[in-house]
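Colleague: One structure, pasted below without further comment.
The values are calculated or read from the model by the stated rules, or taken from the named source; none is laboratory data. The model shown is predicted, which means the values in this text are computed figures rather than measured ones. Cβ atoms come from the backbone with ideal geometry, glycine included; neighbour counts cover every protein chain shown. Keep in mind that these areas ignore ligands, DNA and RNA; they rest on the heavy atoms of the full protein, side chains included. Shrake-Rupley method; radii C 1.70, N 1.55, O 1.52, S 1.80 Å.
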Amino acid sequence: MHKQGSVVLIGMPGAGKSTLGVLLAKELAKDFVDTDVLIQLREDKTLQEIMNESDYLNLRRIEGEVIAEAHLPNHVIATGGSAVYSEEGMHNLLKFGPAVFLNCSADELRRRIHNYESRGIAKAPGQSFEELFAERQALYRRYADIVVDCDEQTLEQVLAQVVSKLQSR
């Protein structure tokens, strides 16, 4: 696979990084970590509480620090949707393994996320879902070693695609 044995999952909130990550970790016999949980443990607050107390840029700054300092050599790593804003953080994570972009269309994500406004998504005030989607799409593609399309796929189908693409690297 890669120099070391991790897999970094990137993509929008609702793409299935955490859900798929747990299954992938079982499949590959690796540890699973969700970087949003690492942030919450470090700050002892939910992501939404962090943003309520400061703003989305502070949440992104904290996220950047957490992923830049993380040592995760044999893990499936589910990143927060905004992890790709931290160049230092992404370079650190990619030392441990390839990035897999779980690519969902905006329509598919809209169907999956019903709590966009209250979900703890690090976005500018008033930024629409479509604007955020377009802005992040370019960043996900920049870091992706593997792209897996998730529209109209079951979790099992996406899992099979990811495993297959990792094995053929």
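Colleague: Filter the stretch 152-169 down to the residues that are charged (D, E, K, R) and either assigned to a helix (DSSP H, G or I) or touching a strand residue (DSSP E or B) at 6+ places or on another chain (Cβ under 8 Å) (or both), then identify the one that is farthest from ASP107 (Cα to Cα).
Modeller: ARG169
Colleague: Residues being touching a Gly at 6+ places or on another chain (Cβ under 9 Å) and either at pLDDT below 95 or assigned to a strand (DSSP E or B) (or both): count how many of those fall in the stretch 37-55.
Modeller: Total satisfying the criteria: 6.
Colleague: I need the full set of residues from the stretch 122-150 which are assigned to a loop (DSSP other than H, G, I, E, B), at pLDDT below 95 and either charged (D, E, K, R) or open to solvent by 30 Å² or more (accessible area, probe 1.4 Å) (or both), in order please.
Modeller: Scanning the stretch 122-150 gives LYS123, PRO125, GLY126, SER128.
Colleague: To continue, here is another question. Test ARG60 against the stated conditions and say whether it is open to solvent by 30 Å² or more (accessible area, probe 1.4 Å), farther than 23 Å from VAL148 by Cβ and under 14 Å from the mean Cα position of the chain (by Cα).
Modeller: Yes: the conditions hold for ARG60.
Colleague: Now, a different point. Out of GLY89, GLY97, which single residue is modelled with pLDDT of 95 or more and assigned to a loop (DSSP other than H, G, I, E, B)?
Modeller: GLY97
For every residue, the table says whether it meets (1) closer than 21 Å to ALA138 by Cα; (2) in contact (Cβ under 8 Å) with a residue 60 or more places away in the chain.
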position: VAL22; (1), (2): no, no
position: PHE32; (1), (2): no, no
position: GLY64; (1), (2): yes, no
position: CYS104; (1), (2): yes, yes
position: ARG110; (1), (2): yes, no
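Colleague: Continuing with this model, one more query. Go through the stretch 1-52 residue by residue and tally those that are of a type in the set (Asp, Glu) and within 28 Å of ARG110 (Cβ to Cβ).
Modeller: 3
Colleague: Determine which single condition ARG60 fails, assuming it passes every other condition in (1) in contact with a Ser or Thr (Cβ under 7 Å, 6 or more places away or on another chain); (2) under 28 Å from ALA29 (Cα atoms).
Modeller: (2) is the only condition that ARG60 fails.
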